[in-house]
Structure formats: structure tokens, C-alpha cells
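Values in this text are rule-based calculations from the coordinates and carry no lab data. The shown structure was predicted, so the numbers you read here are calculated from the model rather than taken from an experiment. For neighbour counting, all protein chains shown are included, and Cβ atoms are generated from backbone atoms with ideal geometry for every residue, glycine included.
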Amino acid sequence: MTWCGGHCVAYLQRIQYGGALDEGEDCPCSLFLMNVDEPDNNDCISDLPFDACLLPEKDGAWVVSREKLFFLQVAPLAVQRVFSVASRAAGAMLVATYDEFMTGDASAVRMLRNLERASGALVEAVAECVAAAGFEFDAAQQKRLLRIAAFGRTFCSLCDSSAFVAMSKRLRVRNHLRLEPLGMIVTDQQLTDLGEARLLQRLTMCNEHQVAFCVAEAIGSDVKLVMLDWAMCRLARVSVHNKDEEREVAKQIVKKLKACSFTSFAELAQQAKVAGRGTAAVVLLDAEVNPSQQVTMLLSIGEPDMALKRAIHAADADLVFTVMVHMIRNRGSTALASLTAHKTTCDLLLQYVGVCEGSQQLMAECFNKHPRVQAYFHLCSYFREEARLGHALSQSMESGSWEMLQECKGVDIQAAIVSTKRAVEHSPRSQPTTTAFSPIVGSGIPYPLSMIEERFLQLQNNLLEEQTQLMNEYKDYRFLQGSAADTIRYAFEHGRTSVAQRLKTAFCVPEKMFQRCMLSAYLCTGQWELIDDMSGISSSKKTLLDGEAFVTALLSYKRPQQAKQYISRIPKIETRMEYYVLCSDWFGAAADCKRHNDPDLLTQLKDRAKGNPDVLRQIEEGWCTLTQTTGISFPKFF
């Protein structure tokens, strides 16, 4: 005895006819059905197989024997309304209308109009046909009822298609489950109660991944879990000790999953790593397209070097920093070799070590193995002290404070020199030499690159000492933050030509730069006669500065009368015309046009006069001036 649904009890009884039952004789069975709501309403099914037994379900009961299978179910209301004899329900009328329509009987039009005139009858009929299709096991009958429902929907714009689509998907799944070799027969109610997730889980546990994949696609569910389980089952068949086979199987899995538009390779790699398939996990992660997931998972499976390469290739600073911190925390100083092998990570490591106070031990080990990095940090400290000194100079600074700050700068430079020497000692292999033409390192003398760095630092240290001495002597704070050229210029401003000459020699300053410093100092102090003297205007001295340098410098100090003396040294006549105009030397400009016999420039010059009669007169006078044939043509000479 068992329940058959919620309102019916089924009782299976084996009936014996005649005398005692002989051994081996089969007895027929009868099944008695009793309605618990109406005890007087009973039914009986006779002549069932002798070996029949009952298996209860939520919505019915299975009668199972060795050769036959029955499903007992109380006829649902939708089935009764559609298939009962002489039923006048909307569903039954729609079935009759469809049958008449398919035979070409004109009465189908009248029957359809009757359904349309009744309020909501057509919608109800479609719903009943769809519901009745869900209780059928025969695929042909399912299709027939769905066609009838689709026929009714064409004449009713108010019908909701969601129920029709959902039922079509469920029927497709049920029919697929019935196919061999699975042979899983379920009702619509059982499929709904089971749920999509548990159904797929049962199929994958039975290793029916192909069926599970088709079912998931049919119902529109996510196939990721099915594909993940399939991949793990494939890997489980491979021996743990055969890494080559594991790698090959992983490649085949990647190829198959990509063909199915699978993208969650990072999640699959994590499961593979948990299952002890590290080799396969690396292959699977290589197929991951999301760099953040790929790098994070590589770190979790213990592949930081590969994660570092992927992060650098992705050009993502956040990922690079994440990998760098992970390697430092897990490897300590042994990670320095990998981190300093790439420029991106090396630069980021310098920033990290510089600002992270908790990495003093790492900093010491880094400096010990990479003295050049230590020199870099000493230079960073030097520039910070330089900024502090600049801020202090802008404020009211007490006497002697600058000496302490200047001393700090000197200490940092000297420490950088020591670190640079250690870097040379740690790199014993021969280094390529370069012939440096820089005025700082000397001209034409070949130096190794490491020696050039050391020489630059040594010269900067010497410059600090010179600036400190000059500051003590002249009390001029500008010396403390000036370059070599600035220091020479300040020495000229204080009238110490001998000091400027000494600095020029000590720091290999070129003659042209030296003369430019001299010019700037004379301009700043208003020594106009010395400018003419150094330029050769009032003396026989020679200068390396061109005429344009003198003109622009003097014009910046509002000295046009003195500046126009140097215009003739400018080689291009067009440039000379511009400076003639800036100096208001219209006469000289016109005379220059006359010497070069260039009436076009003269016309442009007159246009720039803007009708000023005095300016036009000067231009005419300059143009009419006779060219001196015995004199030296300065533009051509220079």
C-alpha cells in the first residue's frame, strides 16, 4: 500500500485462485485505488504482472515489474477539461476547433469566433492545452498539444508566451532524459521540484556530462559548472606521477573548452590545484584572458615568477605591485634577483623600499647585493635635503642652520660615491668604455660608464665644498643652491674673476658657457662697459658668443642703443631686420637693405613703419646712404 499523489491510496494485492499455491506458479495482481476524499469512490486495475511492485512519487506512483512500467496518476484538472468526453471546456473546444481547421471544415471559423466572443476563453484554452502537454509522456501528443496552443495564440494578442516557452523547454529536457543510455523518466512536476541545479548535479555525478550540457543549454542555464566538472573528471583519469600526460590532457581540455566559449579558466585552475594537479593548473591559467584573475591565481598556486611576467605583460601597475609584495613577503631577499631583472619591477621596488618603514632588513639586503640601488637612495636623500635647504632659505633662517643642511647634503653625496665604488667592485667584468665629450668628465678621454658616474658625484661634492667656502666669505645664500655655472656667475657679480677662472678650470666649464656666465653677471650688476670690453666692441678681445646673444641680453635690460651695436654680427638679414625694429634703428635697417640691394625687405620695413613720417624719413635716409666700398662688411665677416 502506498500513496498515489496527495488524495489517493493504492493497494496492490496478489490474488490466489483455487487451492494451495504450487511452487513456481505465478499469481496475477490487482491494484485497488481509493479516493481519501470520497471513500465510496474506488477503482480496481486487474491482471497486473505477478512481480509488480509500487514505488511512490510526489504526484503519483510507479508500477514496476520485470517487463512493464506504469505510472499511476490522478488525472489533472487540465487533462480532464481537455480530454473528457463531451467536455465543453475552453481547452476541449480549442482542440476540436484545431481538428476541424486541419480537415478544412468551415465550422472551425464559427467555433473559433465563439471562443473569441467569450471573455478570456481563448486565453484559458491556450493555458489548458499547454498545461495538458506537460502531463503527457508521448512526444507526438506533446507536440500536438503545443501546436494547438500555438494555433490559439495566433488569434489572441493577450496570451503570455512565457508559460508556452517554459513548457517547451521542460518537455525538451524530459524527452532528452528519456533517451538511452540514461533512460531517466520524470514528470513535469518532478522536474520542477527537482530544480535545474540539482538535476545538473545528478547528471554530472552519473558522468553524463554531455546530457547535462545539452539540458543546461535547453533550459538556458549556466553550463559552467557542468564544464568544470567534466574537466576535473578528465584530469582525474590521469596518473598524478605522469606530468607529461597531465600537461597534454590539460591542453586538450583548454582546446575543447575554448570551442564551447568557456572563459573561467582561473576557477578551473584553482580546482585543479586543490586536486593536486599543479602542472595542469599552470596550463589552464595560461588560457585565462583576465590578467587580474590570472595573476591572482598564479600566486595562489605558488607560481610567482610566472605571475610577475603576466603582470608586466599586462602593463598593470597594481598587479605588478601585488606580485612584488607577495614575493617579498614569501621569499624575502631571495626575491630581489627576480624583481631587479625587469625595469618596471625594479623602479617599483625602489619606491616600495624607500617608503616602507617595515622593510629595513630588506633594504639592507637590497643595498648589500645592489650597491647601485643604495647610491640611488643616497641621491634621493640628497635631493630631499636640497628641498629642505631651499625651504629654509625662503624662511627666516637662524645663523648656522644652513651649515647643518649643507653638511647633510655633503654626507649624502659622499655616501653615494662610496656606493658607486662598491658597485664597480661588485661588477669585475670588463665594462665598455665611452669617449666622453662632456665638459664635466673631460674631453676626448675614454672612461668606463661606472667611472663616469663616480666622477660626476665627485665633482658635485667638490662643488658643495666650493659653495660652502664662498657662502662663508660673501654671505650670499644663492651660492648654496646654484649649479657650477651659477656659482661662476655669482663670483663675477662679486668681482672675483680669479675665483671664476679657478672654478672654470676645476669643473671643466667650456669657454662659451664661461663667457655666458660673465655676460649674465655684468648684466645683473649693470657693468655695461665691461660687456663692450668682453665682446670686442671697445677692445681687441674675441668672444665665442654670437651677436644675437648680446642683442637679446641687452634688450632684456632695456639697453637698445647698446644692443644695436651687435646687430651687424647676426648672419641672417631677416633676423637682423627684426632686431633693428626692436632697437628702433630704422636708419640702420634701411642701410643694411641697401648694402644687400634688397628692395623687398625695404618694402616690408616701410609697411612696419605704419605711416609714421619720422620713421619713413629715417628709412629713406638709410636707403639713400652710399655704400662704403672700402669698409669691412661685418655681416659677411662674422
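Enter the Cα centre distance for the pair region 520-560 and region 453-481, rounded to the nearest angstrom.
Their Cα centres are 28 Å away from one another.
I need V173, V79 ordered by Cβ neighbour count within 10 Å, fewest first.
V79, V173
Please list, in order along region 197-210, the HN-Hα scalar couplings obtained from phi with the Karplus expression 6.51 cos²θ - 1.76 cosθ + 1.60 (θ = phi - 60°), rounded to whole Hz, x for Gly and Pro.
5, 5, 5, 5, 5, 5, 5, 5, 5, 8, 6, 9, 6, 5
Run the numbers for Q469 and L544: contour at 0.36 nm per residue of separation, minus the present Cα-Cα distance, in nm.
24.0 nm
As an exercise, use a Förster radius of 51 Å and the Cβ-Cβ distance of H241 and K343 to find the FRET efficiency, rounded to the nearest 0.05.
The pair H241/K343 has a calculated efficiency of 0.80.
When DSSP assigns beta bridges and you keep just the ones with both residues in the chain, what percent turn out antiparallel, to the nearest 5?
100
When only DSSP loop residues count, what GluC sites (Glu not before Pro) in region 113-184 have their Cβ near at most 13 other Cβ atoms within 10 Å?
Passing sites in region 113-184 do not exist.
Quick one: net charge of V130's neighbours, Cβ under 15 Å, K/R +1, D/E -1?
With Lys, Arg at +1 and Asp, Glu at -1, the net is +4.
Using +1 at the C-beta of Lys and Arg and -1 at the C-beta of Asp and Glu, which of L336, T420, L194 has the Cα lying farthest in the positive direction of the dipole of the chain?
Most positive-ward Cα: T420.
Pairwise over distinct Cα atoms, reciprocal of the mean inverse distance: report the Kirkwood radius of region 546-638 in Å, one decimal place.
About 13.3 Å for region 546-638.
Ranking T296, T334 by Cβ neighbours within 10 Å, fewest first, what do you get?
Fewest to most other Cβ atoms nearby, the residues stand as T334, T296.
May I ask which residue of F101, S540, P39 lies farthest towards the positive end of the charge dipole of the chain, with charges of +1 (Lys, Arg) and -1 (Asp, Glu) on Cβ and the Cα centre as origin?
S540
Quote the charge dipole size of region 546-638 about the Cα centre in Debye, to the nearest 20; the model charges only the Cβ of Lys and Arg (+1) and of Asp and Glu (-1).
It comes to approximately 200 debye.
Charges only on Cβ, +1 for Lys and Arg, -1 for Asp and Glu: so what's the dipole of the chain about the Cα centre, in debye to the nearest 20?
Roughly 2740 debye, rounded to the nearest 20.
For C27 and D614 in the same chain, what is the full-extension length gain: residue separation times 0.36 nm, less their Cα-Cα distance, in nm?
197.1 nm
Apply the a/c threshold of 1.5 to the C-alpha gyration tensor of region 69-125 and tell me whether it is rounded, prolate or oblate.
Since a/c reaches 1.5 but b/c is at least a/b, the shape of region 69-125 is classed as oblate.
Give the longest segment of the chain that steers clear of trypsin sites (Lys or Arg not before Pro) in DSSP loops with at most 12 neighbouring Cβ atoms within 10 Å, not counting the sites themselves.
In the chain, the maximal stretch lacking such sites is 238-428.
Test of understanding: what is the full-extension gain from D105 to Q351, defined as 0.36 nm times their sequence separation minus their Cα-Cα distance?
Between D105 and Q351, full extension yields 79.7 nm more.
Can you spot the lysines whose alpha carbon is less than 16 Å from K251's alpha carbon? Ignore those fewer than 8 places along the same chain.
K243, K273
Read through the labelled values (i) 26.5; (ii) 37.0; (iii) 28.0 and report the label of the one computed as Kirkwood radius over Cα pairs in Å from the structure.
(ii)
Is the C-alpha gyration tensor of region 457-513 telling us rounded, prolate or oblate? Criteria: a/c under 1.5 is rounded; beyond that, a/b larger than b/c is prolate, otherwise oblate.
oblate
Take F83, project a point 7 Å from its Cα along the Cβ direction, then tell me which residues of region 93-136 have their backbone nitrogen under 13 Å from it.
Within reach of a label on F83, which here means backbone N under 13 Å from a point 7 Å along Cα→Cβ, region 93-136 contributes 129, 131-136.
I'd like the Karplus ³J(HN,Hα) series for region 141-153: coefficients 6.51, -1.76, 1.60, θ = phi - 60°, whole numbers in Hz, and an x wherever there's a Gly or Pro.
Coupling constants for region 141-153: 5, 4, 5, 4, 5, 5, 5, 5, 5, 5, 4, x, 5 Hz.
Calculated FRET efficiency, E574 and D533, Cβ-Cβ r, R0 30 Å, to nearest 0.05?
Working from the Cβ atoms, E equals 0.50.
What nm distance separates the two modelled labels at D316 and S46, each placed 7 Å from Cα along Cα→Cβ?
That separation, rounded to one decimal, is 7.7 nm.
Under a Cβ-Cβ cut-off of 11 Å, what is the net charge of the residues other than E578 that fall near it, where Lys and Arg count +1 and Asp and Glu count -1?
Summing Lys and Arg as +1 and Asp and Glu as -1 gives +1.
Need one number: nm distance between label points at V581 and E403, each 7 Å from Cα along Cα→Cβ, rounded to one decimal.
If labels sit at V581 and E403, their model points lie 5.8 nm apart.
Counting only other residues whose beta carbon sits under 11 Å from that of A139, what net charge do I get with K and R as +1, D and E as -1?
Spelling it out: positives minus negatives among the neighbours equals +3.
State the dimensionless ratio Rg/Rh of region 171-235 (Rg: radius of gyration of Cα atoms; Rh: Kirkwood radius).
Here Rg/Rh amounts to 0.95.
Tabulate in residue order the Karplus-calculated ³J(HN,Hα) for region 566-577, using 6.51 cos²θ - 1.76 cosθ + 1.60 with θ = phi - 60°, rounded to whole Hz; enter x for Gly and Pro.
After applying 6.51 cos²θ - 1.76 cosθ + 1.60, I find 9, 5, 5, 7, 7, x, 7, 5, 5, 5, 4, 4 Hz.
Given a Förster distance of 56 Å, report the FRET efficiency between D598 and R478 from their Cβ-Cβ distance, rounded to the nearest 0.05.
E(calc), rounded to 0.05, equals 0.75.
Positive end of the charge dipole of region 546-638 (Lys, Arg +1 and Asp, Glu -1 on Cβ, about the Cα centre): tell me which of V581, L555, C593 has its Cα farthest that way.
Projecting each Cα onto the dipole axis, the largest value belongs to L555.
Work out the length of the dipole vector of region 513-590 about its Cα centre, built from +1 on the beta-carbon of each Lys and Arg and -1 on the beta-carbon of each Asp and Glu, and round it to the nearest 20 debye.
80
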